[in-house]
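A.B. asks: Take this structure, written in structure tokens, and hold onto it; I'll ask about it next.
The values are calculated or read from the model by the stated rules, or taken from the named source; none is laboratory data. Values in this document were obtained by computation on a predicted structure and should not be read as measured data. Positions of Cβ are generated from backbone atoms using ideal geometry, with glycine treated the same way; all protein chains shown enter the neighbour counts.
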Amino acid sequence: MSEHLGYIDSYFNNELSPEERRIFDQRVEQDPAFAEEVAFYLNTLNTAKAELAAQKKERFREIYREIRPVQRTGLVRRFWPYVAAAAVTIALVFRFVIFSGAATPLNLAGEFIQENLKEIPPTMSMGDSLELGKQLYNQGKFTESLTLFENILNTDSSKTLAKEYAGIVSLRLEQYDKAIVFFTQLENTRLEKNPGKFYHALALMKRNGPGDIPEAKRLLQIVKDQGLMYKDIAIKWLEDWPTE
């Protein structure tokens with residue numbers, strides 16, 4: 001591992017040239033041993049982050065234990081009105097969500113992501129960069145997965161699957177502006193079953209900014225009218241769409 005550590009580290013820090021990244025990706029696809037080293041590197045990096053977070057939590061516990069009980073009581077009393085107000089607000093929101101039954105665009109998008117985008121199905125071709133990126137995504141390592149897909153696109157911007165996966169990972173990271181860029185690029189490519197417009201609408205529904213919801217509805221209408229991928233879901237959502 002030590003022989004390639006600096007090389008792999010440079011790749012994920014975007015320090016390699018496009019040609020060097022192309023060679024790196026090619027090596028991942030053709031050299032299973034090297035692909036394992038890359039996977040080990042990413043797994044080690046993720047473990048180190050988790051250990052650092054654990055150390056921070058332990059330090060917090062130490063500080064908490066060091067504060068005298070009287071001091072803690074005073075802090076609780078001082079902030080209790082804010083805590084109580086927050087609790088009331090949370091209760092009201094909970095009651096609204098549970099009992100109102102309103103199918104808002106935001107809720108529809110969230111349900112779809114939870115039910116359909118929790119994993120990216122693997123394929124039979126193991127060892128290439130796309131499969132490694134999907135593996136990282138399915139392990140919940142979204143940041144590392146996005147970096148890998150972006151590096152693939154930096155090497156070859158015509159990789160449509162990399163655009164789709166990069167958009168999905170950005171969506172899960174709540175980086176909606178970036179997701180929309182990837183999905184817009186995807187919908188402008190020639191694919192027999194193109195999910196780009198549906199995913200674009202999905203990202204707009206999650207971002208929920210000024211003008212996003214009407215634009216999402218317009219895109220879903222196109223998905224329905226042109227029979228694009230996820231047409232059936234678009235039809236159902238448009239039927240449940242709240243009146244403006």
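A.B. asks: Hey, among 197, 236, which residue is of a type in the set (D, E, K, R) and at pLDDT 95 or above? Before the answer, list the steps.
C.D. replies: On the way: 236 fails: at pLDDT 95 or above.
So the residue among 197, 236 that is of a type in the set (D, E, K, R) and at pLDDT 95 or above is 197.
A.B. asks: If you don't mind, there's one more thing I want to ask. Return the residues of the range 1-23 that are without any contact (Cβ under 8 Å) to a residue 24 or more places away in the chain and not aliphatic (A, V, I, L, M); say none if nothing qualifies.
C.D. replies: Narrowing the range 1-23 to residues without any contact (Cβ under 8 Å) to a residue 24 or more places away in the chain: 2-3, 6-7, 10, 13, 15-17, 19-20, 23.
If the condition is that a residue be without any contact (Cβ under 8 Å) to a residue 24 or more places away in the chain and not aliphatic (A, V, I, L, M), then 2, 3, 6, 7, 10, 13, 15, 17, 19, 20 are the ones that fit.
A.B. asks: Please work out if residue 206 is of a type outside the set (A, V, I, L, M) and surrounded by 18 or more Cβ atoms within 10 Å (Cβ to Cβ). Give the derivation first.
C.D. replies: On the way: of a type outside the set (A, V, I, L, M): yes; surrounded by 18 or more Cβ atoms within 10 Å (Cβ to Cβ): yes.
It is true that residue 206 is of a type outside the set (A, V, I, L, M) and surrounded by 18 or more Cβ atoms within 10 Å (Cβ to Cβ).
A.B. asks: Shifting gears a bit: Please find, within the range 112-166, the residue that is farthest from the chain's Cα centre (by Cα) out of those that are closer than 20 Å to residue 9 by Cα and aromatic (Phe, Trp, Tyr).
C.D. replies: So the residue we want is 149.
A.B. asks: Now for a separate question. Looking at the range 127-149 only, could you name the residues that are touching a residue at least 12 places away in the same chain (Cβ under 8 Å), more than 10 Å from residue 42 (Cβ to Cβ) and not in a helix (DSSP H, G or I)?
C.D. replies: Hits for the range 127-149 are 127, 128.
A.B. asks: Sort out which residues of the range 1-40 are under 25 Å from the mean Cα position of the chain (by Cα), surrounded by 14 or more Cβ atoms within 10 Å (Cβ to Cβ) and either outside any helix (DSSP H, G or I) or among the β-branched types (Val, Ile, Thr) (or both), and write them in order of number.
C.D. replies: Of everything in the range 1-40, those that are under 25 Å from the mean Cα position of the chain (by Cα), surrounded by 14 or more Cβ atoms within 10 Å (Cβ to Cβ) and either outside any helix (DSSP H, G or I) or among the β-branched types (Val, Ile, Thr) (or both) turn out to be 8, 16, 28, 38.
A.B. asks: Filter the range 183-198 down to the residues that are in a helix (DSSP H, G or I) and touching a Leu at 6+ places or on another chain (Cβ under 7 Å) and list them by number.
C.D. replies: Passing the criteria: 196, 197, 198.
A.B. asks: Tell me which residues, restricted to the range 154-182, are assigned to a helix (DSSP H, G or I) and of a type in the set (Lys, Arg).
C.D. replies: Result: 163, 172, 178.
A.B. asks: Does residue 220 satisfy the criteria of being in a helix (DSSP H, G or I), modelled with pLDDT of 95 or more and either among the hydrophobic types (A, V, I, L, M, F, W, C) or crowded, with 17+ Cβ neighbours inside 10 Å (or both)?
C.D. replies: On the way: in a helix (DSSP H, G or I): yes; modelled with pLDDT of 95 or more: yes; either among the hydrophobic types (A, V, I, L, M, F, W, C) or crowded, with 17+ Cβ neighbours inside 10 Å (or both): yes.
For residue 220, the condition - in a helix (DSSP H, G or I), modelled with pLDDT of 95 or more and either among the hydrophobic types (A, V, I, L, M, F, W, C) or crowded, with 17+ Cβ neighbours inside 10 Å (or both) - is met.
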